[in-house]
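Bear in mind that the values in this text are calculations on the coordinates, not laboratory data. Just so it is clear, the model here is predicted, and its values are computed rather than measured. Here the Cβ positions follow ideal geometry from the backbone for every residue, glycine too, while neighbour counts run over all protein chains shown.
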There are 6 protein chains.
Amino acid sequence: MTDHPLKPETKAKLEGISVATIATALYKRGLRNQAIQDVRPLSQKGRNMVGPAFTLRYMPAREDRNTLAEFRNPEHPQRVAIETCPEGHVLVMDSRKSAYAASAGDILITRLMMRGAAGIVTDGGFRDAMNIAKLDLPAYHHRPSSPTNLTTNEAIAINEPIGCGDAPVFPGDIVVGDDDSVIIIPAHLADEIADEAVEMTAYEDFAIEQVRNGASIIGLYPATREESLDKFAEWRKANNR
Amino acid sequence: MTDHPLKPETKAKLEGISVATIATALYKRGLRNQAIQDVRPLSQKGRNMVGPAFTLRYMPAREDRNTLAEFRNPEHPQRVAIETCPEGHVLVMDSRKSAYAASAGDILITRLMMRGAAGIVTDGGFRDAMNIAKLDLPAYHHRPSSPTNLTTNEAIAINEPIGCGDAPVFPGDIVVGDDDSVIIIPAHLADEIADEAVEMTAYEDFAIEQVRNGASIIGLYPATREESLDKFAEWRKANNR
Amino acid sequence: MTDHPLKPETKAKLEGISVATIATALYKRGLRNQAIQDVRPLSQKGRNMVGPAFTLRYMPAREDRNTLAEFRNPEHPQRVAIETCPEGHVLVMDSRKSAYAASAGDILITRLMMRGAAGIVTDGGFRDAMNIAKLDLPAYHHRPSSPTNLTTNEAIAINEPIGCGDAPVFPGDIVVGDDDSVIIIPAHLADEIADEAVEMTAYEDFAIEQVRNGASIIGLYPATREESLDKFAEWRKANNR
Amino acid sequence: MTDHPLKPETKAKLEGISVATIATALYKRGLRNQAIQDVRPLSQKGRNMVGPAFTLRYMPAREDRNTLAEFRNPEHPQRVAIETCPEGHVLVMDSRKSAYAASAGDILITRLMMRGAAGIVTDGGFRDAMNIAKLDLPAYHHRPSSPTNLTTNEAIAINEPIGCGDAPVFPGDIVVGDDDSVIIIPAHLADEIADEAVEMTAYEDFAIEQVRNGASIIGLYPATREESLDKFAEWRKANNR
Amino acid sequence: MTDHPLKPETKAKLEGISVATIATALYKRGLRNQAIQDVRPLSQKGRNMVGPAFTLRYMPAREDRNTLAEFRNPEHPQRVAIETCPEGHVLVMDSRKSAYAASAGDILITRLMMRGAAGIVTDGGFRDAMNIAKLDLPAYHHRPSSPTNLTTNEAIAINEPIGCGDAPVFPGDIVVGDDDSVIIIPAHLADEIADEAVEMTAYEDFAIEQVRNGASIIGLYPATREESLDKFAEWRKANNR
Amino acid sequence: MTDHPLKPETKAKLEGISVATIATALYKRGLRNQAIQDVRPLSQKGRNMVGPAFTLRYMPAREDRNTLAEFRNPEHPQRVAIETCPEGHVLVMDSRKSAYAASAGDILITRLMMRGAAGIVTDGGFRDAMNIAKLDLPAYHHRPSSPTNLTTNEAIAINEPIGCGDAPVFPGDIVVGDDDSVIIIPAHLADEIADEAVEMTAYEDFAIEQVRNGASIIGLYPATREESLDKFAEWRKANNR
């Protein structure tokens, strides 16, 4: 689905950098809308969620097509998405920014975890959110929502390009989530963004240390004073960064 | 795409009934969310828009994929949708309920009219709305929106099931628009809804005449008094309905 | 229901003044939230709607209580409201600021007109809006909405204090609507507001004439220059105001 | 007020099942809008809130009727609601989905707790939320809101049918809240919903155990494979469920 | 205030082109957010509003600073803005996208017209909108709003950079409004945008004529076929464009 | 900037009272809109934020003025605000109630803390929110937001009167934040509000103790029974309040 599979070393780099830093690196390339708006982690994991996107698209539910009997259909796209999302991938759901009804619940998301997914994101809401929060799988939504997804959402298509929280998501794009939010890196940019963001993170870590030691941000952040770059070079050496 | 093409006699019936009456007929069948929410006609046409749905789906635009150069691509889905929407069909656009940028403009919609489409609907906005209002083609949107669609919308797929104004729209569903709003009739129900709505409309026309003559609505609307049905029978005879 | 019935002379005064002027007169008395927010006339009538409020309260619909059969109940509050709204009164509906489904349609509103009501207001939407616009009855809503009210609204109580468009409405309060919007005057203030607003309107008419003749607003509006008051006195005499 | 008082055994059952499961049981009966939208617990209690609804309706505040002196009136409906809410009941407030000003504060809610209420819910916000969170009383709101309720809310009526977070609430309906959200069970359905939901919960607990052991959800959830039901029967025996 | 006063010939050009075309010309230069979102003309004027921006900024009103007596102050920024807006300029108001209370009314706007302003725009609402609609001055707002501006808006600063409908507006920027909406051209780009947009408009007029004669948009719009450019050259000659 | 600098004793008093109590004291003086709507603390500090307001105003970002290079400008108002906010002050940002992009991030806010500020508030969102939460500086926002502020916000002016969360904020006004929310006290009222609120807090502490001991709120809160005031007098003596 993508010519740009996620390299293990890129994944490792992306695990150590913040969504904010990635957002800035994308901004430099003219990409301003890659952050998924208004989703949050169900619980803080102390580590980043990183993986290629596998998508599920919901459309508004028509009542005659969305009775509970539909779930008995083994081809139901929501169920199929859970059972086919590749290992290491993040299941990203376009729930039309509505949390009126759920995007998924704890049984399905537990199954997703067992199958080795890297995480799950919806711009709607999860039911059984308190249970999902305890799983060893990063999950992001807008807010808890208890009604079954059938109430307003029909799962209609798997692995199409979608919108999620007003961000464009193409299958195979790299999804990164931290304790604040989630961002989408176009697949072909993942390596260079990871490299650049690692550099930026080193400088940011240096800068924050300087600031904690009393430095002004003028000339330091960004590094418009030569001296800042010199100090940074020393700091890198001293800190093996 | 559908096993239920729109019959000319069904179309003729649907041209004479209001979206409100269709909404009630669908409601009787448990379908409560078929009205496209918060769209309005660019101008009143004094006649209904009726035709099967042909759909276009927009997703959030990623800047590098949505430069003006994209329009030079003859395969651009927005352009292709305009050039392939079948005669008599209504082009329904899922613009994610955002009118920040346009869904289409007057040149494309003029082309759609020339190609014989029955109408166009978006849950976003059209640019050049004042020109579109003057075309001999029913058009419905949320509000005028001047920025090019590339600004926030990428046309991504043609004739998929979509949402439009929170209503589910499947290709081939029958779209009916009047001076108030737009509704989606599932294709397989079009004939029976049309028949029933014609009957309902006859009764409503009778009822409003009675009300104008001083009748109370109690017992008349709905017809819980025997007498109302008797009078209606006479009225039908007298009025050839 | 109120100790302050609307006097004919107060009604006559209120027919000639704008909602904006009334809003300012209420503002002077510390009442800042009496304008019904975000409703508009279905058509311009060239005259004010004026009458005491008769209210209907909607609550969210529960499906088992809101089948079409409910309308067969002669005690259905929506029907009863239409049939009992006193002559000269304005029926004000609390539709919870939702136009997802209709607050009423043309048959009921025609009946309301026939019964001599002074107008109708909802903070939701009317179905058959284009027909209602043609009636000789002022009607205000947020936007057209075709689904039957049963879809999301249950009529639950008649002539209770309600909210409408975030304004407080008590039965018997005086409702005034012009081509812009609608405002609620507490019943006990109607006479004094009418008197004061007539005076304000005279000055505003004078002021706008002065402005059209080239006057600056400084010193004129408000009348902080003695000269403005002198000129106004002359103008009143000359214009019989 | 209701012919369906909450039976102790029904209450006990409802304490052990999730709002999500109840939502699905209601969905089977055609009730799709019983979840109170967009409220959350002020703190997690590790147990369900369960009790019949006792309601308070707010309307928009008119300034002259909502001075601080109003609170001196022993008949003020907000105060009366706190002092008359029956033991074991949940006080549900219709705050018109606005958290601009508070629905109640910690002194009143402490009193409600002392009087033996089962909980409190508003679709607006509570002031002193951080103190309320520490009380031994489940409380749900949209967000903290510090201004006194008089600012925008006038308490107008006790124990009427109301809307709360777009859900219909009738006095005596059974309110259930868990760590995710709150749902309203029509009083006459409480027993059968409780029974059915207990069964569903048993199966869900079984299913999640299976999933944790590596089972696919296809055929298991829902139980479309005979084998799933057999295993479940064994599991029930083994687990005394 | 700007080094780029509006040249008469640029103004003349901008009077003949649509906001949509200008939006596309700005889009080519990377400016995607210059359209003022969700404002509309109070009445269609059949001509464009064009002029440099003169701005007024509103902040939330504090009650003790916003009594009616404030208007007696000749230095009140709203009044001063009306009396100092230079001839030919457009008064653009940042009303924080709130139409709860008015941004201005008919007396002030009549005065603005008399003083020779080119138009007025607010992202809130005007009171006396029906009178303003009849003035010979283009006016744009979100919706009519009757309460005096003091209710929620304090006029705080004149001719600062502001936001209006989410668009950035700097004093001296060129404001263009047509029957659809309003856009802001950065002052230093006005000449080149005008030139380019005139060219684009010529091609659009040609293209729409071709479409009306049966041409496909593929190859024509945009002009990817050589033949389209040849035909256009002929058309220009024939039509003196 | 203000004739009413914050006195140490007033600051001390304000550190011990809740935003809710301050809101009521302001309400008594006719100030109803001083609470900043819909912001929350990034973490609970167990102590109040108190300090005079130092403001930063954002406007919508124009792309050509908001490249990353802008941050290299030592005069960039966001940077300057951080470096000039006086010790003990609260930096209050008008981010137009949009959290689409960040208002600030952890490096800048760490610097602000190092410079001795009393806190920071935005009606948008902070990036690196999880790090900011750990700082020893109270911070309030709407929600985490990772994109750089340049994406949609241009810092345009320092220490102007602004709106923040629909509250009016003048430089020098006293900002108080607790674990629920934030409120703005006009500078000239700070002393009297602090005094009054200390008294109110004493009574509230007494009242809640009474309620915990089984007292009804009627007659107690507010103190309409003589007996309540007598008991309170005793309580004050006993508790040194």
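Roughly what % of DSSP beta bridges within region C:97-241 run antiparallel, to the nearest 5?
In region C:97-241, DSSP labels about 65 percent of beta bridges as antiparallel.
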If each part is reduced to its alpha-carbon centroid, region E:108-138 and region F:22-46 end up apart, in Å, by 37 Å
Hydrodynamic calc, region D:1-91: Kirkwood Rh from Cα pairs, then Stokes-Einstein at 4 °C with viscosity 1.567 mPa s, so D in µm² s⁻¹ is 79 µm²/s
Measuring from its Cα centre, chain E shows a charge dipole (+1 at each Lys and Arg Cβ, -1 at each Asp and Glu Cβ) which, in debye to the nearest 20, is 420 debye
The residues C:HIS141, F:HIS142, E:HIS89, sorted from fewest to most surrounding Cβ atoms within 10 Å, come out as F:HIS142, E:HIS89, C:HIS141
For chain E, averaging the sequence separation of alpha carbon pairs under 8 Å that lie six or more residues apart and dividing by its residue count, the contact order in percent is 29 percent
Looking along the axis that carries chain D onto chain F, the residue of D whose Cβ comes nearest, with distance in whole Å, is D:ARG143, 6
Treating only Lys and Arg (+1) and Asp and Glu (-1) as charged, each at its beta carbon, one finds that the protein assembly as shown has a dipole about its Cα centre, in Debye to the nearest 20, of 0 debye
Sorting from shortest, the nanometre distances separating the label point of C:GLU15 (7 Å past Cα along the line to Cβ) from those of the same residue in the other copies are 4.4, 4.4, 6.6, 6.7, 8.0
Between the alpha carbon centres of region B:167-209 and region E:50-82 the gap in Å comes to 51 Å
Summed over the other residues with a beta carbon less than 15 angstrom from that of B:GLU87, with K and R at +1 and D and E at -1, the charge totals +1
Quick numbers on region F:25-159, Rg and Dmax over C-alpha atoms in Å, give 14.5, 49
Final fewest-first order of A:ASP195, B:ASP128 on the 10 Å Cβ neighbour count is A:ASP195, B:ASP128
Residues B:CYS85, F:CYS164 in order from fewest to most other beta-carbon atoms within 10 Å are B:CYS85, F:CYS164
Among D:LYS45/D:LYS97; B:LYS97/F:LYS45; D:LYS97/D:LYS134; E:LYS7/E:LYS45, the pairs whose Cα-Cα distance exceeds 29 Å are B:LYS97/F:LYS45
Over all directions, region B:109-168 yields a Cα convex hull whose mean projected area in nm² is 4.6 nm²
Residues of region B:130-150 with backbone N under 19 Å of the label point set 7 Å from the Cα of E:ARG212 along Cα→Cβ are B:130-139
Along principal axes, largest first, the alpha-carbon spread of region B:47-124 in whole Å comes out as 41, 26, 18
Site E:ASP136, offset 7 angstrom along Cα→Cβ, radius 19 Å on amide nitrogen, limited to region E:81-108, gives E:87-91, E:106-108
The FRET efficiency for B:THR84 and C:GLU75, from their Cβ-Cβ distance with R0 = 41 Å and rounded to 0.05, is 0.15
Here the equivalent ellipsoid of chain D, derived from its Cα gyration tensor, has semi-axes (largest first, whole Å) of 38, 17, 15
Within chain A, excluding any GluC sites (Glu not before Pro) found in a DSSP loop (not H, G, I, E or B) and having at most 15 other Cβ atoms within 10 Å, the longest uninterrupted segment runs A:88-241
With the label set 7 Å along Cα→Cβ, B:GLU199 is separated from its counterparts in the other copies, in nm and shortest first, by 3.7, 6.5, 6.5, 7.5, 7.5
log10 I(q)/I(0) for the protein assembly as shown, Debye formula on C-alpha points only (no solvent), q = 0.04, 0.08 Å⁻¹, two decimals, reads -0.24, -1.09
Zone reached by a paramagnetic label modelled 7 Å from B:LYS28 Cα along Cα→Cβ, restricted to region B:192-221 with backbone N below 14 Å, covers B:192-204
Computed Rg/Rh for region D:118-203 (Cα atoms; Rh = Kirkwood radius) stands at 1.02
So, in nm and shortest first, the distances from E:GLU227 to its counterparts in the other copies, with label points 7 Å along Cα→Cβ, work out as 6.4, 7.0, 7.3, 7.3, 9.9
Expressed to one decimal in nm², the mean projection of the alpha carbon convex hull of region A:156-241 is 7.9 nm²
If unit charges are put on Cβ atoms (+1 for Lys and Arg, -1 for Asp and Glu) and the dipole of region C:1-125 is taken about its Cα centre, the option from C:THR122, C:ASN48, C:THR67 lying farthest towards the positive end turns out to be C:ASN48
